[in-house]
Amino acid sequence: MEMQKVPEAGFQIEGLPIAGLQRSFSLENLRFPFKLMKSLSRASKIIREFRPDVVVGVGGYASGPVLYRAQRKGIPTLVQEQNSYAGLTNKILAKKAAKICVAYPDMEQFFPKNRIAYTGNPVRKDILELEGKREKAMAHFGLNPERKTLLVLGGSLGARTLNQAVLKDMERLEAEGYQILWQSGRFYYQEMKSKLDASGLQNICLKEFIREMDLAYAGADIIVSRAGALSVSELSLVGKPVIFVPSPNVAEDHQTKNAMAYVSHDAAWLVRDAEAVGLLGEKVNELMRDAEKAAVLGRNIKKLAKPDAATAIVKELEDLIA
């Protein structure tokens, strides 16, 4: 995605052929050493030509070669760990990193305490001001301002479990007097649209992808979402009651760990992926009916927000090159 989005934003980008190791036996792992050596060579060339004062890595195997080469050359590096459970690449690179910026407290179990900065994750600015946007949101998405709204977010590609859960309970939720703003994702949109059209339901707005996220958040009473690092940080700023359904298809089950960091502060509910089809609708209905509990979740998740994360990370970078 970044190979398209970064140039669109006006910045130069160069990709590396590096790939992650498969957790189970795979012939693809035999190619890993060759991809790694080629990526390290190209990373050296990038650093030599660009001559950076500091290098930032945000986790994942793509960060590895460039930060490794920078550290070998004595260039200060900053690692940004987005999740509550540190990834393997960041744990390795952090050993020689000058600063580690984290999005969750209690990360000393992974990183040296004296080099940790609790900054949070940077998120889009437009969601910081949602007051007064509900009416505009209702009009934009064609929703009924008299009905409570459930916002379902499965990411840009979509989440099959969330889509199946909505399909199972959408008639019941509409009958209860609610409406749904539903981002199905690109992979599932046509299938979901066909089934929604056949249902005849009138209070569901199905979108392949939602670009106007500030309006989506402003119109929502309850939000159902995966628990990726940036989604969790963004929802903290929104301050609405959230039900997380963590994806089980991620390394070290880090989405569940992200969600549990909020559940432990009574700042969100969690429904496991394997139980979502059938249980999710019940939990949504329960929370819609319990205004006091919804308010508590909204207040508590807001307390965990870090609205100035980008500024805090930049300050750490400035200190490294001062």
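The values are calculated or read from the model by the stated rules, or taken from the named source; none is laboratory data. Keep in mind that what you see is a predicted model, and the values were worked out from it rather than measured. Heads up, the Cβs are rebuilt from the backbone with ideal geometry, glycines too, and the neighbour counts pull from every protein chain shown.
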Index of the failed condition, Lys96 passing every other in (1) part of a loop (DSSP other than H, G, I, E, B); (2) free of Cβ contacts under 8 Å to residues at least 12 places away in the same chain; (3) not assigned by TED's automatic domain parsing to the domain that holds His254: (2)
Identity of the residue in the stretch 173-211, more than 24 Å from the chain's Cα centre (by Cα) and among the hydroxyl-bearing types (Ser, Thr, Tyr), that ends up surrounded by the most Cβ atoms within 10 Å (Cβ to Cβ): Tyr178
Selected residue (only one of Ala309, Ala322 is more than 29 Å from Met138 (Cα to Cα) and either touching an Asp or Glu at 6+ places or on another chain (Cβ under 9 Å) or modelled with pLDDT under 95 (or both)): Ala322
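Matching residues to (1) without any contact (Cβ under 8 Å) to a residue 40 or more places away in the chain; (2) outside the structural domain of Gln82 (by TED's automatic domain parsing); (3) of a type in the set (Asp, Glu):
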| site | (1), (2), (3) |
| --- | --- |
| Met107 | yes, no, no |
| Leu130 | no, yes, no |
| Pro145 | yes, yes, no |
| Gly155 | no, yes, no |
| Gly158 | yes, yes, no |
| Tyr188 | yes, yes, no |
| Met213 | no, yes, no |
| Ala218 | no, yes, no |
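Give the residue that is nearest to Leu78 (Cα to Cα), with candidates limited to residues of the stretch 12-30 that are within 30 Å of the chain's Cα centre (by Cα) and not in a loop (DSSP other than H, G, I, E, B).
Out of the qualifying residues, it is Asn29.
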Helices (runs of 4 or more DSSP H) contained entirely in the stretch 266-322, each with at least 1 residues that are farther than 27 Å from Thr161 by Cα and in contact with a Ser or Thr (Cβ under 9 Å, 6 or more places away or on another chain): 291-303, 309-321
Test: residue in the stretch 241-250 that is closer than 16 Å to Leu270 by Cβ, out of contact with any strand residue (DSSP E or B) (no Cβ under 8 Å at 6 or more places or on another chain), of a type in the set (A, V, I, L, M) and not assigned by TED's automatic domain parsing to the domain that holds Pro105: yes
Condition check for Phe141: touching a residue at least 24 places away in the same chain (Cβ under 8 Å), under 22 Å from His265 (Cα atoms), surrounded by fewer than 22 Cβ atoms within 10 Å (Cβ to Cβ) and not β-branched (Val, Ile, Thr): no
Failed condition for Ala218, given (1) over 25 Å from the mean Cα position of the chain (by Cα); (2) surrounded by 23 or more Cβ atoms within 10 Å (Cβ to Cβ): (1)
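Could you go through the stretch 239-246 and let me know if any residue there is part of a helix (DSSP H, G or I) and either crowded, with 17+ Cβ neighbours inside 10 Å or modelled with pLDDT under 95 (or both).
no
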